[in-house]
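Worksheet: the structure to be examined is printed underneath.
The values are calculated or read from the model by the stated rules, or taken from the named source; none is laboratory data. Computed from a predicted model, the values in this text were never measured in an experiment. Every residue, glycine among them, receives a Cβ derived from its backbone with ideal geometry; neighbour counts consider all protein chains shown. These accessible areas exclude ligands, DNA and RNA; they are computed on the full protein's heavy atoms, side chains included. Shrake-Rupley method; radii C 1.70, N 1.55, O 1.52, S 1.80 Å.
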Amino acid sequence: MKQKLREHIDFVRENSPFYKELYRDVPLKDYSISDLPILNQDDYWSKNGFENNSVLTSDLSDGVVFKSGGTTGVPKSSFFTQEEWETFTTDFSFGMDQLRLQKGDRCANLFYSGDLYASFLFINKSVEKLKNKVVQFPVTGQTSIEETKRIINSYKINVLFGVPTSLVSLAASFESTDNCINQIYYGGEPLFDDQREKLQRAFPEAHISSIGYASVDGGQLGYVDKSCAAGEHIVFDKTYMEIVDPDTNEVILEENKVGRLIYTNLSRRLMPIVRYPVGDMASWTEVGKRFSLLGRADEGARIGAVTVTRADIVNTAASMGEKQAISGVQLIIKRENGKDYLHVYLGVQSKDNLNILNYVHLFKESFFMQRPMYKKEKDIGNIADLKVSIVLVDELLKNPRTGKLRLVIDERFI
């Protein structure tokens, strides 16, 4: 194991009560990273609240706090010291310098801001650190399409940064001859072929690429250079990326074999990220250095710009007083007519005495209260409506090898 990685882990287990307990059966010496357990996200975030936190290695005395999803009542908070925030954005800026940005490019930042979300501020700060100096226009994703279009045309903006669903909605208002857009960089969700076609029709001169791969949970996950294929990213120097078998958790050391991405951030010490399941499936295109993203894993379903977890669904059921009636939950991400949507399957032991139509209606109402961003994105046309089905628990799809319930199934890549 690399010396820097070992030093980081030794620091974490000594200073974080959560990790000290998690690693209690791991030898102090002569261990490998595969001897460390992969984090259970529910356990990790339950101990990582703003109060009574056992994950942090010291008191929070400077820096920045972001919201990282979760339900309305139980938000996840991601903590950075000022030095860590600077490192995060500096590293990502290095990755952005590998893109095709040129000095003087006029760049519209269309990522979302406010409510403790990180993406807009993160991109803004990363762009400020580019070696290839550009002009940035802080439009935000909340600005109306009409006003965004006016800004783009008035200032002759040629580069767009944003979430694919928002970029596609914007593209629908443009004719191919009335803009200067020659570069589009997306993040936060995958870009599908039909979306790429729509962007290319509206912006025929545009080079379209991932802006890079990052999360407020984990940090800098991967960057793109001119040699990368679509969906391919390169591992940052200050990180350690693994791909593991989704059933056995054995580390995959061969190319083109699909597994779960497991991530360790060597530059985050206040809120350590060690063997953290990112929530995406991937395969190595160059072992240890390059990987290709291949959809969501079981940690959460990403629909457009919205993340939905099992906890969101269970909490919705609990808010209806029906927690005991639900014996299993399955989240299937689908795509229809150019829009992502989530189909929730709720497994029950019996449908007797259950008014299914009424239950589904009340469940959706309660869900939208728990996850208002889903309804907001649906209402503006970025994603399609939530679908809910009540099925017998035995009808939920299982892994044919292990018999285990498949929590999240991403059918967009099938």
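Worth pointing out:
- Residue within the stretch 322-329 that is out of contact with any helix residue (DSSP H, G or I) (no Cβ under 8 Å at 6 or more places or on another chain) and either at pLDDT 85 or above or surrounded by 22 or more Cβ atoms within 10 Å (Cβ to Cβ) (or both) present: no
- Candidates in the stretch 177-203 are the residues that are farther than 18 Å from Ala108 by Cα and surrounded by fewer than 16 Cβ atoms within 10 Å (Cβ to Cβ); of these, the one that is modelled with the lowest pLDDT is Asp194.
- The residue of the stretch 30-53 that is farthest from Thr264 (Cα to Cα), among those that are in a helix (DSSP H, G or I) and polar (S, T, N, Q), is Ser46.
- Residue tally, condition at pLDDT below 90 and either among the charged types (D, E, K, R) or assigned to a strand (DSSP E or B) (or both), over the stretch 365-377: 1
- Scanning the stretch 378-403 for residues that are farther than 25 Å from Pro246 by Cα and either part of a loop (DSSP other than H, G, I, E, B) or in contact with a Ser or Thr (Cβ under 7 Å, 6 or more places away or on another chain) (or both) yields a count of 7.
- Selection count where residues are within 13 Å of Met241 (Cβ to Cβ), touching a residue at least 40 places away in the same chain (Cβ under 8 Å), over 12 Å from the mean Cα position of the chain (by Cα) and assigned to a strand (DSSP E or B), scope the stretch 280-312: 6
- Criterion (closer than 22 Å to Tyr44 by Cα and either out of contact with any helix residue (DSSP H, G or I) (no Cβ under 9 Å at 6 or more places or on another chain) or open to solvent by 30 Å² or more (accessible area, probe 1.4 Å) (or both)) met by exactly one of Leu261, Leu253: Leu261
- A Cβ distance below 7 Å, combined with a sequence gap of six or more or placement on separate chains, defines the contacts here; from the stretch 155-179, residues that are closer than 18 Å to Asn124 by Cα reach residues that are open to solvent by 40 Å² or more (accessible area, probe 1.4 Å) and modelled with pLDDT under 90 in the pairs Val163/Gly188.
- Consider the stretch 188-243 and keep the residues that are small (Gly, Ala, Ser) and in a strand (DSSP E or B). The one that is nearest to Phe79 (Cα to Cα) is Gly219.
- Pairs where the first residue, in the stretch 184-205, is over 24 Å from Ala118 (Cβ atoms) and the second is open to solvent by 70 Å² or more (accessible area, probe 1.4 Å) and hydroxyl-bearing (Ser, Thr, Tyr), C-beta under 9 Å, 6+ apart: Pro204/Thr177
- Within the stretch 138-151, one or more residues are open to solvent by less than 40 Å² (accessible area, probe 1.4 Å), among the aliphatic types (A, V, I, L, M) and farther than 28 Å from Val64 by Cα.
- Positions within the stretch 142-170 being over 18 Å from Arg106 (Cβ atoms), of a type outside the set (Val, Ile, Thr) and under 23 Å from the mean Cα position of the chain (by Cα), in sequence order: Gln142, Pro164, Ser166, Ser169
- Of residues in the stretch 216-235 being within 17 Å of the chain's Cα centre (by Cα), at pLDDT below 95 and farther than 15 Å from Gly295 by Cα, the one surrounded by the fewest Cβ atoms within 10 Å (Cβ to Cβ): Val216
- Residue among Leu362, Leu354, Leu342 that alone is in a strand (DSSP E or B) and either hydroxyl-bearing (Ser, Thr, Tyr) or out of contact with any helix residue (DSSP H, G or I) (no Cβ under 6 Å at 6 or more places or on another chain) (or both): Leu342
- Note on the stretch 54-66: residues that are in contact (Cβ under 8 Å) with a residue 12 or more places away in the chain, of a type outside the set (Gly, Ala, Ser) and in a loop (DSSP other than H, G, I, E, B) amount to 5.
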